[in-house]
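Presented below is the structure to which this report refers.
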Amino acid sequence: MDKLITVSPSPHAYGDDSVKRLMYGVVYALVPAFIISLYFFGIGALIVTAISIVSCMAFEYLIQKYLMNARPSITDGSALVTGLLLAFNLPTNLPWWIIIIGALVAIGVGKMSFGGLGTNPFNPALVGRVFLFISFPAQMTSWPEPVVSRLQYTDAATGATPLGVVKEGLNAGVPMSQLLEQIPGYMELFIGHMHGCLGEISALALIAGGIYMLAKKIITWHIPVSIFLSVFVFTGILWLINPYDNAGPLFHLVTGGLVLGAVYMATDYVTSPMVPKGMWIYGIGIGVITVAIRVWGAYPEGVSFAILIMNAFVPLINKYVKPERFGEEVKNG
Amino acid sequence: MIQTFPKGGIHPAEDKFAAGIPIRVLPLPKTVNIPVSQHIGAPSEPLVAKGDKVKTGQLIAKSNGFVSTNIHSSVTGTVTKVDKMMDSSGYKRMAISIDAEEDQWEEGIDTSKTLNRKISATGDEIIRKILDAGIVGLGGATFPSHIKLSVPRGKKAEVLIINGVECEPCLTSDHRLMLEKGEELMVGIQLLMKALNVKRALIGIENNKPDAIRHLSSLASDYEGTEVKTLQIKYPQGAEKQLVKALIKREVPSGKLPIDVGTVVHNIGTAFAVYEAVQKNKPLIERVITVTGKKIESPSNFMVRIGTLVSDLVEAAGGLPDDTGKIINGGPMMGKALKTADVPVTKGTSGILIVPSDESRRKPVLNCVRCAKCVSICPMGLEPYLLQAATEFKKWDLVENERALDCMECGSCSYICPSGRPLLDYIRLGKSTVSKIIRSRKQ
Ligand code: SF4
Ligand code: SF4
């Protein structure tokens with residue numbers, strides 16, 4: 001026989017999943033939330049997203065090419081996702097140079113310093129965000145007025161997020177019932193009509209994207225559901241005990257970065273557990289820490305911190321939580 | 001009710017191109033090379049020498065130990081060589097080469113097509129016949145069948161499971177056999193039940209073969225205790241432990257066999273061979289083999305004499321396409337890539353698959369992104385990404401403790417990985433290293 005044939009071990013067939021397809025799936029899932037953000041925050045949303053994506057991809061390329069002497073892999077879409085998620089976690093009036101610093105920290109420190117995709121213990125976009133939050137607290141906690149500031153970027157009029165209003169008010173001793181009058185109704189909160197970070201406002205759009213990712217088997221339901229459930233139960237208990245000084249569970253679910261965090265940040269492959277039981281532990285941990293920070297902590301919002309803290313536990317969870325083995329115990333009958 | 005196994009599993013493209021093509025008898029080949037090691041266990045001992053005349057069905061190599069079996073000449077003719085020749089493993093191993101002439105069958109073999117339903121042999125006689133006829137697991141495992149039927153002391157078989165799943169993509173030989181030899185299969189199943197002394201047999205067939213399910217169900221209604229079960233389409237449902245779980249909801253413990261949970265699994269093809277051996281006195285010298293592939297001119301199912309060269313078989317299906325990247329002995333998930341088509345088919349060959357070159361190359365390998373897909377689809381509940389890494393870094397304790405030996409090499413993990421990681425390649429290495437370590441520990 002004169003033909004050259006390949007001899008390789010089985011299997012000889014492969015599925016059509018690729019890292020690229022999965023990453024672009026996340027990007028598509030984020031489109032509805034981005035459109036809603038454009039509607040409420042206008043030009044600021046566009047500028048912040050563009051700067052974040054371009055600088056994340058540029059840093060990834062430059063670091064891989066010149067510092068790591070590796071073949072750049074920016075086409076795999078992961079830097080694009082990091083850029084997009086970083087932008088989603090920033091206010092839309094953030095000056096351009098702060099965004100670039102955030103991108104450098106996210107990609108350089110959060111991802112590449114550990115060796116690139118698949119090796120980083122912490123979610124890179126959140127590393128970037130939390131760095132900015134600590135370094136530039138004033139800029140990171142002023143959020144543009146939705147709708148009216150559509151045509152303004154850094155000069156937009158600003159206000160506090162619903163979580164911020166509640167935290168301040170409760171600290172000052174204002175009862176919850178009065179505070180609720182100062183913030184939009186539940187339906188508006190659900191759609192996203194409020195102050196907040198670029199991509200976190202619309203629970204509706206984010207959940208729609210989440211359902212798309214579930215259908216495309218990009219994520220599984222365990223992490224988002226365990227986070228939502230634990231937040232719901234924990235805040236529900238607090239609310240039942242003392243409805244005057246606590247916001248209800250529904251309020252906690254639709255405000256702040258909870259949906260964005262639970263569906264898109266906590267589900268990051270690299271930094272989340274490998275088996276369903278571990279995902280539950282991780283998700284419940286995130287939910288509980290988030291509520292603890294929101295209710296008793298110094299900040300009105302705690303999703304980012306909660307995810308980063310639980311990221312740190314992932315290696316431990318993976319080490320001790322094993323999948324249900326086939327034939328482990330004799331389960332007959 | 002449609003049943004399946006609960007843990008893991010994948011859905012590769014089925015590509016069963018030859019499903020509608022009836023079995024054709026392949027014309028007698030000019031030469032056959034019959035390896036003396038076509039089964040798991042000790043190679044058989046050749047009984048013939050160069051120049052000997054042999055008849056079709058004549059014993060030419062005899063069982064050599066407990067785990068071994070007999071081998072018969074698949075043609076009539078002259079032995080030209082008893083020597084090491086390349087077989088499907090890619091290595092040169094002992095085989096018997098015979099130049100074929102017109103068929104002349106060994107005395108006492110019934111070559112007629114008449115159906116013989118009457119079972120007169122006792123259980124022990126059936127098992128003896130199966131050994132004499134050289135029957136091995138025809139699903140691909142090639143474990144000598146008589147051993148599976150000799151239930152060890154202290155254990156008891158309650159139900160016989162017949163594997164008609166054919167979950168391996170592309171292959172259709174079992175499917176055709178069920179459609180065309182249904183009556184014979186039923187008798188074969190009764191023989192196996194008698195040998196095992198069980199009153200119940202379950203035939204598991206996947207939902208993608210509704211015609212076979214209908215046909216065998218209607219035949220089964222004449223046989224007490226025999227029942228066809230419809231299974232959901234999912235790979236690797238044909239794996240022994242998965243099939244047992246799907247059909248009788250029992251989990252074979254790690255390192256144990258189906259008999260430990262009261263059952264024995266035999267393949268559809270084996271049941272047919274048992275019928276022929278016991279009712280027709282015909283040894284295992286031929287079997288059904290699918291020849292298929294996207295570029296193959298006429299995908300076919302052939303009744304083939306053991307020892308026929310793969311090249312002869314491919315020729316009969318229209319020849320090797322210009323665009324040939326891989327020649328696989330078996331299916332795409334668990335089959336073995338051949339170095340050349342000039343090797344013989346054996347008792348364990350269920351199909352020959354020709355893969356075009358653009359599908360023969362693997363994807364580029366990227367970092368593990370820890371997507372957990374390999375973990376969620378592993379039917380044995382293992383963590384392939386971890387076994388791969390542990391093997392790469394030679395952490396053999398970890399490989400062992402993470403139960404690499406439970407891996408049945410179904411290939412689902414490598415199939416699903418979005419990063420194109422060669423998970424199973426590493427896991428195989430991990431398994432064999434750990435086996436060696438365990439063996440040296442025992443000494
Ligand atoms: S090849 Fe082994 S590790 Fe991979 S999925 Fe199959 S059983 Fe699991
Ligand atoms: S499927 Fe591949 S990329 Fe995903 S966890 Fe397993 S080895 Fe890693």
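Would you check if A:Leu30 is assigned to a helix (DSSP H, G or I) and open to solvent by less than 50 Å² (accessible area, probe 1.4 Å)? Yes; evaluated as a whole, the condition is true for this residue. For region A:52-68, a residue qualifies if it is open to solvent by less than 40 Å² (accessible area, probe 1.4 Å) and β-branched (Val, Ile, Thr), and the qualifying residues are A:Ile53, A:Ile63. Checking the stated criteria, B:Ala317 turns out to be more than 10 Å from every other protein chain (Cβ to nearest Cβ), crowded, with 24+ Cβ neighbours inside 10 Å and more than 21 Å from B:Gly164 (Cα to Cα). When A:Arg294 is tested against (1) out of contact with any Asp or Glu (no Cβ under 8 Å at 6 or more places or on another chain); (2) under 22 Å from A:Gln182 (Cβ atoms), just one condition goes unmet, and that condition is (1).
Here the helices (runs of 4 or more DSSP H) wholly within region B:275-392 that include at least 2 residues being among the acidic types (Asp, Glu) and more than 30 Å from B:Glu251 (Cβ to Cβ) are B:310-316.
Just to verify a result, which residue in region B:389-422, among those that are more than 10 Å from chain A (Cβ to nearest Cβ) and within 9 Å of ligand 1 (Cβ to nearest atom), is surrounded by the most Cβ atoms within 10 Å (Cβ to Cβ)? The qualifying residue surrounded by the most Cβ atoms within 10 Å (Cβ to Cβ) is B:Ala404. Of the conditions (1) surrounded by fewer than 23 Cβ atoms within 10 Å (Cβ to Cβ); (2) under 25 Å from B:Leu219 (Cβ atoms), B:Gly139 satisfies every one except a single condition; which number is it? B:Gly139 satisfies every listed condition except (1). Across region B:329-386, the number of residues qualifying as more than 16 Å from ligand 1 (Cβ to nearest atom), more than 7 Å from chain A (Cβ to nearest Cβ) and small (Gly, Ala, Ser) comes to 4. Between B:Val343, B:Val375, the distinction of being within 15 Å of ligand 2 (Cβ to nearest atom) and of a type in the set (Val, Ile, Thr) belongs to B:Val375 only.
Can you pull out the residues in region B:112-136 that are within 22 Å of B:Val75 (Cα to Cα) and either touching a strand residue (DSSP E or B) at 6+ places or on another chain (Cβ under 6 Å) or surrounded by 13 or more Cβ atoms within 10 Å (Cβ to Cβ) (or both)? Result: B:Lys129, B:Ile130, B:Leu131, B:Asp132, B:Ala133, B:Gly134, B:Ile135, B:Val136. Of the residues making up region B:415-443, those that are free of Cβ contacts under 8 Å to residues at least 24 places away in the same chain and either among the polar types (S, T, N, Q) or under 21 Å from A:Gly327 (Cβ atoms) (or both) number 4. Cβ-Cβ contacts under 8 Å between residues 6 or more apart (or on different chains), taken from a first residue in region A:122-135 that is among the hydroxyl-bearing types (Ser, Thr, Tyr) to a second residue that is open to solvent by 10 Å² or more (accessible area, probe 1.4 Å) and assigned to a helix (DSSP H, G or I), are listed as A:Ser135/A:Ile101.
The values are calculated or read from the model by the stated rules, or taken from the named source; none is laboratory data. Given the structure is predicted, the values throughout are model-derived calculations rather than measurements. Cβ: placed from backbone, ideal geometry, glycine included. Neighbour counts: every protein chain shown. These area figures cover heavy atoms from the full protein model, side chains too; ligands, DNA and RNA do not enter into them. Shrake-Rupley method; radii C 1.70, N 1.55, O 1.52, S 1.80 Å.
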